[in-house]
Structure formats: C-alpha cells, structure tokens
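Report on one structure; see the data block that follows.
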C-alpha cells in the first residue's frame with residue numbers, strides 16, 4: 001500500500017520541473033485527497049509547493065485549480081454527466097467556506113515559493129455551471145473580505161471550462 | 001451559423017434537419033460527427049452492440065461523415081476488441097470511416113491484428129489526429145507500431161486502470177513504425193504502471209516527442225516524459241479530469 005512518505009518520495013523524484021524551460025501553466029484539480037495519487041490533502045499541497053519551487057521557466061505565469069462536481073457541497077451526481085443541485089444545510093455551507101479558506105491558505109504558501117496568477121476553473125457540466133461559478137466567486141469575495149488581495153497576490157480569476165460531448169446520432173435518422 | 005450553436009444538442013439538430021433540405025444538409029455532418037460503438041451484445045433484449053451501429057450507418061452512407069469514432073467496451077465486458085470481431089463485410093464498413101480525426105478504442109488487442117494491421121487500420125492513417133487507447137493489449141513495440149500508423153497524430157491518450165496484470169510478452173525488436181507522427185499536442189496518461197519500455201521506444205523510434213500539454217496521473221516514467229518534452233511542454237496537468245472519457 002502506498003503511504004504518504006512513499007508517494008512523496010516518488011513525487012520528489014518525478015516532478016523536478018527545472019528542465020522544462022517553456023512551461024507556462026501548471027494545472028491541478030483542487031486536491032481533496034485523491035488528486036495526487038491518493039495522498040492526504042496536506043501532503044498534496046506540500047508536494048505541489050515543491051513542484052512549483054523547481055520551476056525555472058521564465059514564461060511560467062499561471063496556476064490553475066480545477067473544481068469538479070464533487071468539490072461543491074450543493075452538487076450531487078447520481079450518474080455520470082447528470083449532476084443536480086441540492087440544498088445545503090448551514091453546517092455544510094460553513095464547512096465548504098472553511099474548505100475554500102484552507103485552499104486559499106495553501107495557494108498563498110505556494111505563491112511565496114513561485115509567483116503566479118491564480119485561476120480557479122469550474123470544470124463541471126453545463127447544468128451546474130452557474131452555481132459552481134457563483135460558489136467560486138463567493139469564495140474569492142470571502143477571501144477578499146477576510147485577508148484581501150494586493151498587487152503581489154492579485155484576485156484570482158474565476159473561469160468556466162465547457163465540458164460537453166457530442167451525442168451519438170439518433171437511431172432512426174433520415175437517410 | 002445558428003447550427004454551430006446547437007452542435008451538442010441532438011434534439012435541436014434533429015428538429016433543424018427536418019425543416020428543409022438546406023437545413024438538413026447543414027445539420028447532418030454535426031448529427032453524425034460522433035459514432036460510439038459498444039461491444040455489449042444485448043440490452044433489454046435488443047441487439048445494440050458491435051457491429052450493428054456500423055451496419056446501420058453504412059446502409060445510409062453516413063460513415064464518411066464520422067469525425068470521431070469510439071469503440072467502447074464496458075467494465076463488465078472482459079472481451080477485447082480483436083480481429084475476431086471482423087468479417088469481410090464488417091471490415092468493408094469499417095474501412096468506410098475515411099474522415100475520422102479522433103479515434104478511441106477500448107481494450108484493443110493489437111497482437112490479434114498482426115501482421116496485417118494496416119489492412120484494418122490503414123484507412124485512418126491520413127486523417128486521425130487524436131488517438132485514445134484504453135488498456136491496449138500488446139508488447140511495447142506493438143503499441144508503438146500501432147501509434148506509428150497515424151501520420152498526422154498530434155494527441156495521444158493511454159489510459160490504464162490501477163491494477164495492471166503482471167508479466168508482459170517479449171518485445172519484438174524488429175517492429176519499426178511506418179510513420180513518425182508529429183505528436184505535438186496533448187499527451188494524457190493514467191495509471192501507467194507497466195514497463196517504461198513503451199515510453200522509451202516511443203521516444204527512440206519517433207525521434208523524440210514534442211507534446212505541448214501533458215496530463216499525468218499515477219505514471220511510472222513521469223521523469224522520462226518531462227525530460228523528453230523539456231523544450232516544448234507548456235502546460236502540465238497533474239490530475240486528469242475525466243480519464244475514461
């Protein structure tokens with residue numbers, strides 16, 4: 001079984017990005033446990049900080065964190081491609097706010113190691129797009145109110161990445 | 001122009017196609033852009049699997065319109081996509097897929113197609129730009145040989161599950177790919193725990209790889225890949241969003 005230590009060791013060996021001189025963007029899912037080879041979120045954040053510290057590319061500018069359906073308390077997915085909204089309890093709202101707060105703390109720690117523009121990207125199905133972008137913007141606003149952003153760590157950009165697949169043709173298509 | 005906004009909405013496209021012959025002509029390439037063929041033989045008593053969708057599309061002459069073709073094998077289905085699935089008629093229909101740009105095949109049994117693999121996949125050679133293989137079977141050389149069938153291949157996906165069966169067949173070192181694809185787009189690899197020979201062979205036989213974007217999750221040989229794309233890599237994704245499509 002993989003332990004945090006063994007994961008960390010192999011990650012440190014693998015993710016030395018000092019040779020990648022044209023690296024512009026590092027993209028990760030908003031690690032909630034399984035993002036980096038099933039290690040704990042705290043270790044995942046430290047490993048990402050390490051990966052950032054090895055970057056020597058002069059064109060590196062962007063760090064994108066992807067948020068998927070399971071990162072939002074108010075979204076449930078009964079089947080693939082069929083997310084739906086549900087009501088969040090006050091406790092869940094508070095828990096989600098704390099979760100975002102911790103992510104921002106980690107982003108700030110990473111930012112100290114390597115300068116980047118933070119992008120929060122909602123990588124969800126179209127039907128929960130509006131909700132997820134709203135939650136991310138609310139998290140950014142909460143962070144702004146609590147700690148604030150400045151020219152060194154500017155306000156993150158919240159974007160949506162369309163996720164869509166083309167359907168199979170209808171069974172009875174006119175020829 | 002209006003049609004371009006509806007390309008993901010099958011019902012609207014279908015409605016548009018019924019308006020007049022001009023709208024039909026405009027919508028039909030979008031309606032038949034993607035063809036997914038499953039290998040499941042029966043569901044609700046109906047025969048839906050391979051090669052029925054291929055036969056139906058062939059009857060109507062729609063196969064040349066397909067730009068994205070996927071052969072899907074279900075989780076419960078242990079069968080491979082092998083040469084046994086073809087007869088002369090199926091092969092003729094399969095060969096009519098002449099415009100496919102994105103090709104995805106689950107559980108491709110490459111050894112079963114050897115040595116006449118070009119007879120089955122040669123018609124994709126000029127058009128395919130994106131290839132996705134989920135749990136392909138074969139030696140490292142055979143997989144690299146298969147990838148080398150596609151002259152203009154830019155994007156490559158190699159998707160494995162967490163558990164990969166131990167023990168690989170001996171490599172046939174005489175197999176040399178027919179073409180050197182550009183491989184300048186995106187590389188996505190998940191749960192790649194097999195021998196890194198596949199990656200080494202790909203780098204050696206294709207004269208290096210030049211991917212601009214890499215999507216890596218649980219890959220043995222990450223260091224090798226990052227080193228091989230040292231001059232070209234612009235975007236690194238450390239966790240794929242939807243590894244199994």
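When B:144, B:28 are arranged by Cβ crowding within 10 Å, least crowded first, meaning fewest neighbours, the order is B:28, B:144. Between B:65, B:226, B:35, the residue with the greatest mean-square fluctuation in the GNM of chain B (Cα pairs under 10 Å linked by springs) is B:226. Peptides A:58-66, B:101-109 ranked from most to least packed, by the mean per-residue count of other Cβ atoms within 10 Å: B:101-109, A:58-66. Taking other C-beta atoms within 10 Å as the exposure proxy, A:111, A:70 rank A:70, A:111 from fewest upward. Using 0.36 nm per residue and subtracting the Cα-Cα separation, the extra length available between residue A:126 and residue A:12 on full extension is 37.4 nm.
Each stretch of four or more DSSP H residues adds -39500 (n - 2.57); spread over every residue of chain B, this sum gives -7000 deg cm²/dmol at 222 nm. Taking 7 Å steps out from each Cα toward its Cβ at residue A:142 and residue A:112 produces label points 2.3 nm apart.
Legend: mean number of C-beta atoms from other chains within 10 angstrom of residue C-beta atoms, peptide B:24-31, equals 2.
Take each residue of peptide B:226-237, count the partner chain Cβ atoms within 10 Å of its Cβ, and average: the result is 6.
Rounded to the nearest 10 degrees, the inclination of helix B:21-31 to the longest alpha-carbon principal axis of chain B is 30 degrees.
One decimal place: the segment residue B:2-residue B:178 gains 59.1 nm when fully extended, by the rule 0.36 nm per residue minus the C-alpha distance. By DSSP, what percent of the beta bridges with both residues in the range A:15-160 are antiparallel, rounded to the nearest 5? Percent antiparallel among DSSP bridges in the range A:15-160 is about 10. Shielding of peptide A:99-109 by partners, expressed as the average count of other chain Cβ atoms within 10 Å per residue Cβ, is 0. Springs between Cα atoms under 10 Å define the GNM used for chain B, and in it the highest mean-square fluctuation of B:143, B:110, B:19 occurs at B:19. The ranking of B:15, B:21, A:132 from fewest to most other beta carbons within 10 Å of each one's beta carbon is B:21, B:15, A:132. Rounded to the nearest 5, the antiparallel percentage of DSSP beta bridges internal to chain B is 5%.
Every number in this text was worked out from the coordinates using simple rules, so none of it is lab data. Just so we're clear, the structure is a prediction, and the values are computed from it rather than from any experiment. Cβ atoms come from the backbone with ideal geometry, glycine included; neighbour counts cover every protein chain shown.
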